[in-house]
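Take a look at the structure below.
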Amino acid sequence: MQFSRFLQLFFFWSHLHAVSAFDQYLLRKCNTAGFCKRNRQYAENIQRNNTHPSYYVIDESSIRYDGNENSFHANVIKNIPSGIKLELPFKLQFLQDGNVVRFSIDEIRSYKDYLPKVLNQRRYNETSKWAFADSPSAVPITERKKVENKIVIGSNSSDSRIELFLDSFLINVYWKNQLSMVVNERSLLNYEHLRSKDENFKNLLPEESDFDMFHDSFNYSRSDTMPFGPESVSLDFTFNEFENLYGLPEHPASFRIEETIGGEPYRLFAADVPRYDVGTRMPTYGNIPFVIGNNEKSAAGLFWVNAADTWIDFKYPGGKAQSHWMSETGIIDVVMFLADTPMEITDKYTNLTGRPTLPKEAAIGHHQSRWNYYNESDVMNVDSNMEKGEFPYDIIWLDLDYTDEKKFFTWKPDAFPNPARLLKRLGDLGRGLVVLIDPHLKKDYYYSNTVVKNDVAIKNRTGQTFFGTCWPGVSVWIDTFSELGGKVWGNFYRNFVNGTKNLGIWNDMDEPSVFDGIETTAPKNSIHAGGFEHRAVHNVYSLTVHQATYNGLANIFNGTTRPFVLTRSHFAGSQRTAGTWTGDNVASWNYLQISIPMVLSSNVAGMSFTGADIAGFLDNPEDELIIRWYQAGLWYPFFRAHAQNETRRREPFLFKDPMRSYVRNAIQLRYHLLPTFYTAFFKSNLNGSPIMKPMIFEKPKHTNFAAVDDQFYVGDSGILVKPIVKKNTSFTQIQVADGVYYDFHNLKPQKIASKNGTSDIKYIGIAAGLDKIPILLEGGHIITKRESYRKSSVFYRNDPYTLVVAPDAFGNACGDLYADDGETWAHKSGQYLYSVFSFQDFRCLMGNTANVPSNHEAAGNTLIDKIVIAIGNNNASIGDTVKINSGDQQYTVNVDKSSPYEAIITHPMVYANETWQIYF
Ligand code: NOJ
């Protein structure tokens with residue numbers, strides 16, 4: 001790159017974080033990304049000219065079954081009219097319960113002398129190694145027969161079956177005998193095999209374009225040597241009878257995936273994009289190539305296991321959803337999930353890619369961050385003012401400038417002369433600290449020298465250490481793709497953390513962000529361990545970094561505390577070791593609005609521990625926006641206030657009343673509901689379930705709910721929230737399915753359903769002045785909360801619980817509670833409490849335990865000191881006293897019915913870790 005160009009880009013990136021709007025010209029559009037334009041063009045031509053036989057067929061003589069690994073194998077033959085035939089090995093397996101179908105198509109490449117010796121010549125096929133939690137085992141293929149021109153394959157243990165057509169590469173996927181998905185229905189399979197530039201002409205299909213096959217004409221990226229030439233893979237998938245797709249984080253766009261015809265495809269490409277454009281399909285920091293669709297009867301999911309630059313087109317041509325996936329390189333590796341409901345799809349997906357981590361309890365509290373708290377006394381001042389103002393928080397954050405000249409793993413000596421003292425002071429107050437560590441290391445100091453010495457830096461295209469520019473100026477980047485790279489990185493934390501349990505780590509800029517790089521990132525032809533180009537692994541780089549951070553911390557803490565790691569970029573599988581947030585948003589109403597669909601999309605794709613910067617990272621929010629943002633943000637699974645360095649200070653203690661108390665109420669509400677949130681995190685850890693849960697997940701039969709992304713449920717709790725995201729709003733309507741709903745604040749019944757129920761969506765109007773968050777509690781649920789004010793999560797552990805019972809139209813409700821020590825891994829060996837509460841017929845409330853820890857301390861205080869029952873229209877069903885059976889005790893307690901909407905039992909003297917019954 002010319003030096004002037006370099007300076008321009010560097011100047012641009014370092015200042016974009018400060019002032020400008022995001023400038024789209026720095027990122028490619030599909031028609032300036034060679035492989036995207038070529039594949040779109042191929043798709044157009046092949047669909048127009050679909051009369052000739054398929055270029056891709058199955059070689060029947062190559063079919064074999066491998067009984068050891070329970071797999072089906074065959075060669076896909078690519079027939080090029082010039083006479084060239086290529087064999088592409090195809091493999092298919094049924095995973096898990098047999099309702100998960102995985103297949104791959106690889107390329108066998110003969111050795112090419114003309115390729116640089118530093119490169120591994122095979123296609124990168126290890127994305128699954130990073131994305132999957134373990135290597136999945138397959139179930140036996142028991143049904144296999146040839147019927148006409150297709151092979152039918154199934155597994156006895158499952159409801160799924162596939163038909164593979166021999167004369168084209170087409171796969172019908174059946175679920176419970178219904179056609180659920182079709183692979184390559186539109187013949188868009190395109191496998192750009194390896195060929196030299198000289199022989200390219202013989203290797204092209206008539207429908208192919210050769211646009212930018214051997215060089216990149218996009219502005220500033222002409223230095224990409226593209227040694228392999230064209231090597232993209234693309235394939236289409238039809239979701240039969242599904243008209244809604246969702247997932248595919250992270251895009252600043254609606255929850256339901258939009259049609260892309262005539263516009264840009266969705267792009268997955270980790271990029272540093274401060275002030276990303278709201279409502280677009282542009283790439284941002286996180287990239288999870290996973291979508292889900294559902295209809296009234298069933299659901300399906302698709303995971304495209306590829307970490308290269310990827311673009312996806314979508315279309316809903318009526319009665320189905322069509323998708324076309326295009327990746328710059330890598331192999332085709334696909335997993336299809338089949339089930340009755342979308343929740344089961346996410347369960348299967350997170351069974352494969354790993355369950356979201358169960359964070360320590362402090363990490364699900366409120367986080368106070370800013371770029372930057374200047375020194376130790378600044379931190380301690382913020383801390384004491386938060387306490388004085390009764391704004392609970394658990395963790396305070398130090399951004400970039402705590403470091404000595406932006407050298408990570410060091411502290412600015414005059415500002416933070418004694419980090420251990422700071423951590424101890426905070427720890428004694430029941431608080432934690434998180435500090436920022438990016439994967440770039442300033443050239444020429446101990447840590448970067450160690451990386452270079454151990455040969456674990458990202459390399460340039462000639463195999464030498466890659467140098468680029470980021471915050472500290474010229475830097476090297478850790479390459480955590482090798483085992484050694486991961487260890488070196490993990491060990492760096494040893495001295496830095498020094499065993500201090502209340503220190504967490506924030507891996508930022510890990511796309512990786514490279515200020516002087518094309519599209520803000522590392523050159524695609526830079527090289528990682530094993531000789532693989534960055535091009536092939538780009539989107540999974542961050543996962544390798546934050547996973548190494550997590551493993552390093554886990555070794556250091558040695559079971560005494562669960563490491564807390566936040567990462568900006570993320571990929572499928574990141575949920576196992578980190579939380580994330582939506583990056584550099586702006587303090588304006590449209591960013592508040594879009595944060596909800598963004599967090600919802602991440603939640604259905606396993607990345608449940610997600611939030612957005614409150615109240616917008618860039619610019620200065622107006623007061624009303626701050627209030628509304630806290631009222632919305634308290635529901636983000638990751639709840640952090642953060643602001644850019646040029647913004648005005650906005651810690652909540654600086655606000656005047658009534659704004660101050662509105663914000664305080666919002667933060668305190670999060671803490672009152674910590675038991676409910678922690679239970680939701682526990683379930684997310686168990687089966688991947690969303691913590692901020694989209695309507696369609698709770699009511700999958702109401703398919704119109706797929707398009708509703710401005711309201712959500714909190715886990716399985718029945719709490720339904722519609723935050724206000726528009727200025728000057730004092731009233732809103734919440735969309736609900738048939739049922740009973742209570743106003744969360746006073747339990748006033750809002751709607752009583754007919755007992756027969758209907759499938760229509762209805763609206764509940766609700767007042768929403770600045771002091772009010774519109775929240776409903778759906779009948780049929782019992783929630784747990786703690787009602788006092790305490791300054792951080794650890795102090796809530798000694799408080800008793802309140803149960804809130806919200807009966808459905810039949811007078812029934814149920815709920816659950818998870819509690820553990822909030823800190824260690826002891827829950828993994830059974831030291832946790834899991835209790836289930838049920839309310840029947842307005843006559844009996846019962847507490848049952850599913851697991852009680854042998855260590856009584858483990859679950860904190862388990863006393864239930866208050867039970868509130870929403871009485872709706874059934875006032876008459878509740879008498880003035882209740883009879884309680886608890887252990888061998890039987891006693892009577894009075895019921896307070898002074899409110900028209902609730903009956904309250906105070907001091908029932910029952911415990912969440914015991915079995916008891918209350919009769920009305
Ligand atoms: C970019 C991050 O997105 C932002 O949150 C952080 O404050 C800055 N980097 C500075 O470290």
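Relative contact order of the range 800-920, please, whole-number percent, based on alpha carbon pairs below 8 angstrom and at least 6 residues apart. Relative contact order of the range 800-920: 28 percent.
Spacing of the modelled spin labels on S898 and N177, each 7 Å from Cα toward Cβ, amounts to 6.3 nm. Of the residues F682, F237, F211, ranked by 1.4 Å probe accessible area with the largest first, the sequence reads F211, F682, F237. Under the criterion of Cα pairs below 8 Å and six or more residues apart, the relative contact order for the chain equals 10 percent. Amide H contacts under 5 Å for E250: T284, G286, N287, I288, restricted to partners 5 or more places along the chain or on a different chain, H placed in the peptide plane at 1.01 Å from N. Roughly how many Å is it from the Cα centre of the range 86-111 to that of the range 152-209, as a whole number? Rounded to whole Å, the Cα centres lie 11 Å apart. By a 1.4 Å probe calculation restricted to protein chains, S448 has an accessible surface near 0 Å², given to the nearest 10. Taking the Cα centroid of the range 538-584 and of the range 352-399, what is the distance between the two, rounded to the nearest whole Å? Value for the Cα centre distance between the two parts: 18 Å. Computed on the Cα atoms alone, the convex hull of the chain gives a volume of 162 cubic angstrom per residue. Distance between the 7 Å Cα→Cβ label points at T560 and S788: 2.8 nm. Of the accessible area of the range 397-508, computed with a 1.4 Å probe over protein heavy atoms only, carbon and sulfur atoms account for 47 percent.
Distance from the C-alpha centroid of the range 405-427 to that of the range 601-656: 26 Å, rounded to the whole angstrom.
Isolated cysteines in the chain, defined as those with no second cysteine Cβ under 4.7 Å, comprise C470, C814, C844. Projecting the Cα atoms of M336, G319, L302 onto the charge dipole of the range 291-346 (Cβ charges, centred on the Cα centre) puts G319 farthest toward the positive pole.
Its DSSP H runs of at least 4 residues, each contributing -39,500 (n - 2.57), put the calculated 222 nm mean residue ellipticity of the chain at -6000 deg cm²/dmol, to the nearest 500.
Mean separation of Cα pairs under 8 Å and 6 or more residues apart, divided by the residue count, gives the range 303-399 a relative contact order of 22 percent. Helices in the chain that qualify as membrane-span-like (whole DSSP H runs, Cα extent of at least 20 Å along the helix axis, mean Kyte-Doolittle hydropathy of 0.0 or higher) are 541-557, 589-604. Among 615-622, 171-178, sorting by the average number of other beta carbon atoms lying within 10 angstrom of each residue, highest first, gives 615-622, 171-178.
Put simply, the range 800-920 fits an ellipsoid with semi-axes of 28, 14, 12 Å; these come from the alpha carbon gyration tensor as the roots of five times its eigenvalues, largest first. Applying the Karplus relation 6.51 cos²θ - 1.76 cosθ + 1.60 with θ = phi - 60° to the range 294-300 yields 3J(HN,Hα) values of 8, 10, 4, 9, 8, 9, 8 Hz, where x marks Gly and Pro. Per residue, the range 800-920 exposes 44 Å² of accessible surface when a 1.4 Å probe is rolled over the protein heavy atoms with every protein chain present. Per-residue surface analysis assigns F409 an accessible area of about 10 Å², computed on protein heavy atoms at 1.4 Å probe radius.
Placing +1 on the Cβ of every Lys and Arg and -1 on the Cβ of every Asp and Glu, with no other charges, gives the chain a dipole of roughly 460 debye about its Cα centre. Ordering F314, F795 by accessible surface, largest first, gives F795, F314; the 1.4 Å probe counts only protein heavy atoms, with every chain in place. The accessible-area ordering, largest first, of the residues T51, T580, T462 stands as T51, T462, T580, per a 1.4 angstrom probe.
Considering only the Cα atoms of the range 273-417, their convex hull presents on average a projected area of 14.1 nm². Solvent-accessible area assigned to carbon and sulfur over the range 800-920 amounts to 46 percent, based on a 1.4 Å probe.
The values are calculated or read from the model by the stated rules, or taken from the named source; none is laboratory data. Everything quoted here is computed from the prediction, not taken from an experiment. Counting neighbours? That spans all protein chains shown, and the Cβs are built from the backbone with ideal geometry, glycine included. Surface accessibility is based on the protein's heavy atoms, side chains included, excluding ligands, DNA and RNA. Shrake-Rupley method; radii C 1.70, N 1.55, O 1.52, S 1.80 Å.
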